[in-house]
Amino acid sequence: MSSSSYTVFYGSLVNPETLTSYETSLNTLVAVNSHGIIDWVVRDVSDALVQTTLLEKGCPDAEVVDLKDGQFIMPGFVDTHTHAPQLPNIGSGHQYELLEWLKHVTFPMEAKFCDVEFARKTYSSVVHRIINHGTTTCCYYGTLHLDATKELANIVHSLGQRAFVGKCNMDRNSEPYYVEPSWQSSVDDTKALISHIRTLESGSSGIPLVKPILTPRFAISCSSPLLSSLGEMATADPSLHIQTHISENLSEIEFTKQLFPECKSYADVYDSYGLLRDNTVLAHAVHLSKDEIELIANRKAGISHCPTSNFNLNSGVAPIGKYLDRGIKVGLGTDVSGGFSPSILNSIQNASIASKVIAMQNRGQNNYESGKFANSQLSIATLLYLATLGGAQVCALDHVVGSLVPGKSFDAIIVDVRNTAGNPAMWDINAGTHDLKDHDALEGMLQRFLFCGDDRNISDVFVQGRRIGGRNY
Ligand code: GUN
Ligand code: FE
C-alpha cells in the first residue's frame, strides 16, 4: 500500500477507556489506512514534529487533516435501540403509557410502511438525520413489512452507516390492520430479509457494515410457535444477533406473565426459547427482578438503556448502576419515538438525570446496595463509555468499534464547540481564560458537548474511514 493512502488526523482526542476513565490527549496523530482501519496513534506531537513523525512512520505523503482549536475527535456514538419508522412521530404521544401508545400512536404510523415508496422516502431522511447526529453504529427496528425493511437496509448500506436492521416479528396481540397473518409467514419473511441483507456488498475491509438482526418485537407480540422458530434459527446461526424489548412497563409485564404462565419471568420467556445470549440486545430492562438480573448476566446478554423513552412513556427509571455492578454490558438507546430525540447526546443527558433520580431516592434510606455504581450518579467517564464502547459491547462489536485505538475501524466524529458552529449553548466556551489547548479545557469542551451539544456541533461523521455525514458534509 502506498503511504499516501493514509489519512492522518491531527488534534485533540477524547477516548473512552473503562467505565471510570477516559483519555484526553492533545496534539495527537491518528493514522487511518485505506481500509478505514486505525493503524497507529501518537500523542503529544508538536506542530514542528508532525512531518518527522510521519516520516518515521513511513507515510510522509499522508493526507493530514488538521483539527482547529475548539475541535476534537472522538468515537462515533452507538445507538443500541431505535425504531426507524417511528421518526415521523417524534415528539407526540407523551400522554400515553406503553400499551396505549403502541395502539394509538405507533401502530397507525408503522402500518403506513406497507407503501414501499413512502418507506423509501421516509427512511432516506431518517437515516441521514441519525448519521448527522453522530451515530456511527445503529440497531434499527423496521416495521413488520419485508419490502419496506429491505429498503431500510438498502438505504443504510448506501449511506455507509454501520448497522443492524431487523424486521419486527409480530403475529399476535396487535391491531387487525397491523399484524402478521401467521407465524410461518413471519419466519419466511425474516429469512428472506436475512438473505437480502447478507447479499449487500461488504465494506472495503471485507467486514459487512449492515447486518441482519432477529427482532421479535416483544414477548406479547409473538406466539409460541413463532418464538420457537426464531430460537431454532438463532441456534443454527450463533452469529445472528437478536434484539427485543424487556420489562419496560408494569402492565406489559403483567400481560406477559399471563401469556407465558409456564415461564418463571419475562427474561425466562426469551431464555426458554433460546433467545438470550451474548449477542442479544435487550431494550429498557426497567423492572427486572434479582433472578432476571442473574439470568441476563449469566447469558452475557446486553442491555440498551433508553432513559428518554423511560421518562417520556412514564415507564420508570432503570437501575443501570446495579446492572453495571453485576458486570452486565450496557449501552444507550434513543428508542425513537418512545424517546423524543434521535440523538445519543439526549440519551446521555437523560441517563445522567435518571442516575441522579435513583441516587436521590436512595439518599438516607437503608436499602443501599453495596456496589460501586448502584446509588451514584453516572460520571462523565461512565456516560461517555455507555455511549460508545459500552454500546459496542452490547452489539458484540467492541473488537471493531467503540474507541479509537489501532486495529479498530475509524468510526469517529469531529466535534466542534466553536461559536461558529452556531449552537447558542456554546456561546461563551471561548470566553474563559483557557486557550482551548490544555487538558482541562478539553474536558470542559467534552462536558459542554455532552450536555449542551447537538448536531450543529458535529462537523464530520466517519464510518470505517469514509466520511458519511456531519455539518460540513
Ligand atoms: N415494546 C414493543 N414495541 C415497542 C416500541 O415500538 N417501542 C417501545 N418503547 N416499546 C415497545
Ligand atoms: Fe423500542
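With the requirement that a residue be in a helix (DSSP H, G or I), buried (at least 23 other Cβ atoms within 10 Å of the Cβ) and within 16 Å of ligand 1 (Cβ to nearest atom), what does the stretch 306-341 give you?
Across the stretch 306-341, the qualifying residues are P307, T308, S309, N310.
Can you pull out every residue in the stretch 232-271 that is crowded, with 21+ Cβ neighbours inside 10 Å and β-branched (V, I, T)?
Result: I242, T244, I246, V269.
Within the set of pairs 6 or more residues apart or between chains, which connect a residue that is at negative phi inside the stretch 39-55 to a residue that is of a type in the set (S, T, Y) and part of a helix (DSSP H, G or I) with Cβ atoms less than 7 Å apart?
Hits for this filter: V42/T53; V45/T53.
Among the residues of the stretch 59-98, how many are away from ligand 2 (no atom under 16 Å from the Cβ) and among the aromatic types (F, W, Y)?
Total satisfying the criteria: 2.
Farther than 27 Å from S247 by Cβ, out of contact with any strand residue (DSSP E or B) (no Cβ under 8 Å at 6 or more places or on another chain) and of a type outside the set (V, I, T), is that true of P60?
So P60 fits the description; yes.
Can you tell me which of E63, E23 is within 28 Å of V156 (Cβ to Cβ) and either of a type in the set (D, E) or without any contact (Cβ under 8 Å) to a residue 60 or more places away in the chain (or both)?
E63
Identify all residues within the stretch 156-195 that are in a helix (DSSP H, G or I), crowded, with 16+ Cβ neighbours inside 10 Å and within 23 Å of the chain's Cα centre (by Cα); write none if there are none.
The answer is V156, H157, L159, T190, L193, I194.
Where the second residue is more than 16 Å from ligand 2 (Cβ to nearest atom) and modelled with pLDDT of 95 or more and the first is over 14 Å from T215 (Cα atoms) and lies in the stretch 234-262, which pairs have Cβ atoms under 6 Å and are six or more apart or on separate chains?
Correct list of pairs: T235/G274; S247/L288; F260/V269.
When you scan the stretch 344-360, how many residues do you find that are within 23 Å of H83 (Cβ to Cβ) and either free of Cβ contacts under 8 Å to residues at least 40 places away in the same chain or among the β-branched types (V, I, T) (or both)?
Qualifying residue count, the stretch 344-360: 4.
Run T149 past the list (1) within 16 Å of ligand 2 (Cβ to nearest atom); (2) out of contact with any Cys (no Cβ under 7 Å at 6 or more places or on another chain); (3) part of a strand (DSSP E or B) and report the number of the one that doesn't hold.
If we test T149 against (1) within 16 Å of ligand 2 (Cβ to nearest atom); (2) out of contact with any Cys (no Cβ under 7 Å at 6 or more places or on another chain); (3) part of a strand (DSSP E or B), just (3) comes out false.
The values are calculated or read from the model by the stated rules, or taken from the named source; none is laboratory data. Since the model is a prediction, treat every value here as computed from it, not as a measurement. Please note: Cβ atoms are built from the backbone with ideal geometry, for glycine as well, and neighbour counts cover all protein chains shown.
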